[in-house]
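One structure is given below, encoded as C-alpha cells.
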Amino acid sequence: MSNALALRTRSGPPGPPPSDQRSVTLQFEDNVLLPLLYGEHDRHLARIEQRCGVRLASRGNRLTITGSGERTDMAEQILRGLWRGLERGQSLTASEVEGAIRMAEGEAGQDPRLPLQDIPQIRTKRGAIAPRTPAQSAYMETLARDEMVFGVGPAGTGKTYLAVAQGVALLQAGRVDRIVLSRPAVEAGERLGFLPGDMKEKVDPYLRPLYDALHDMLPAEQVARRLAAGEIEIAPLAFMRGRTLAHCFAIFDEAQNTTPAQMKMFLTRMGEGTRMAITGDPSQVDLPNGQKSGLAEAISILRDVPGIGFTHFGERDVVRHPLVGRIVSAYGQMDSARQPRTGHGRVAGKELDVTGK
C-alpha cells in the first residue's frame with residue numbers, strides 16, 4: 001500500500017455549512033500498522049467516512065479529518081481507539097471497525113465517558129474481548145459486578161457469547177472451579193424424535209452455540225480436556241432438580257423456553273461462590289401455545305432484587321450480518337402492529353434499555 005494516498009471524495013450524509021467545518025490531523029508513528037488501520041483498499045477509512053459524515057485524506061503517516069466539529073471529534077475518537085488496539089497487538093477487521101463506530105455513536109448520546117476509552121474488556125488467554133455496542137458494554141460491566149445477570153434481547157446481540165467469555169475468563173483466573181452450561185431441550189418448531197447416544201450426545205445439538213463460543217476462546221484440545229475433567233460441565237435442565245451449583249459460573253441459554261416452575265428451579269440451584277448468566281429472547285418462545293415463559297415472569301418478579309442485574313438488547317445491538325438487524329426490525333414492526341407495546345422502562349441502576357423505542 002502506498003504511503004501517499006489521494007484525497008478522498010466519497011460522500012457521507014449531507015454536511016453542515018462550510019463555516020461549521022474544521023480539520024484535525026493525526027500522525028501515526030508505526031508505518032507497519034498503518035495499512036492495517038486503513039484496511040485493504042482503504043475500506044476501513046471509507047466506512048468511517050460514510051458513517052461519520054466526514055472526509056479523510058492521508059499522506060504518508062498523516063491522516064486529516066474534515067467535517068463538522070461533532071462528527072470530526074467522533075471520527076478522531078474512533079481512529080485513535082482502533083490505533084491503540086493495533087498497538088496492543090489486537091486484530092482489526094470490518095467487524096471491529098463497525099463496533100467502534102457503534103460505540104462512538106451510542107456513547108456520544110448516552111454516556112458521558114469518551115468513546116472507546118475506559119470501556120470494559122473480558123480478558124482470556126486468547127486475547128481481550130471488547131464490546132461492540134453500548135448495550136454490550138453495559139452487559140460486560142454487569143457480568144463483572146453482579147452475581148446473577150439476565151441478558152435479554154434478539155438473536156445476534158452477543159449475549160450468550162459474552163457470558164461464555166466471562167465464564168472462561170473467571171475459570172482461567174481461578175475465580176471459579178468450573179463452567180456449567182445448561183439449556184432447555186426444546187425444539188424450534190420441529191419434533192426431532194428419539195436421539196441416540198449417551199446424555200452428552202443427546203443434548204449436544206441443543207448446546208452447539210455454547211460450544212461454538214467456547215472454541216472461539218479456548219483451543220479445541222483444552223475444551224476436550226476440561227470437559228473430561230469436569231471443569232466444563234454439560235447440565236441439562238431436566239437433571240438440575242435437587243442439585244446445588246457451588247463455585248462455578250453457570251450459563252443458562254435460551255431461557256425463554258422454560259416454564260415459570262423450571263426457571264425458579266434453576267435460579268434456586270445457586271450455591272456458594274457461584275455466578276449465573278441467564279440469556280434469552282422473549283420474541284422466540286418455542287413453548288406450546290398458552291404456556292407462559294419463565295423468563296418473562298422472572299424479569300417481572302426479580303427486577304428490584306439487589307444483586308441481580310439486567311441488560312436489555314435491541315435490534316440496534318445485533319452484531320451479526322447487517323441483514324440480521326433489519327430482519328429483527330421487520331419482525332418487531334409486525335409484532336408492534338399486531339399488539340401495541342407497553343414498554344419496560346428502566347430499573348433503577350440495574351437495567352439498561354437501549355432499544356431506542
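Every read-out reported here was derived from the displayed coordinates using simple, explicitly stated rules and does not represent laboratory data. Because the structure is a prediction, the values reported are computed rather than measured. Here Cβ is always computed from backbone atoms with ideal geometry, including for glycine, and neighbour counts include all displayed protein chains.
So here's what we get for this one:
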{"read-out": "Cubic angstrom per residue, convex hull over Cα atoms of region 25-103", "value": "81 Å³"}
{"read-out": "Local electrostatic count, MET240, Cβ distance below 13 Å [Lys/Arg +1, Asp/Glu -1]", "value": "+4"}
{"read-out": "Loop-resident sites, region 208-312, for trypsin sites (Lys or Arg not before Pro), counting at most 16 other Cβ within 10 Å (DSSP)", "value": "ARG241, ARG243, LYS292, ARG303"}
{"read-out": "VAL180 long-range amide H proximity, modeled H, under 5 Å", "value": "GLU233, PHE249, ALA250, ILE251"}
{"read-out": "Gain upon complete extension [ASP30, SER329; 0.36 nm per residue less C-alpha separation]", "value": "103.5 nm"}
{"read-out": "Counted charge near LEU92, where neighbours are those whose Cβ lies closer than 14 Å (Asp, Glu -1; Lys, Arg +1)", "value": "0"}
{"read-out": "Label-point gap, in nm, between ARG22 and ARG241 - each point 7 angstrom along Cα→Cβ", "value": "6.6 nm"}
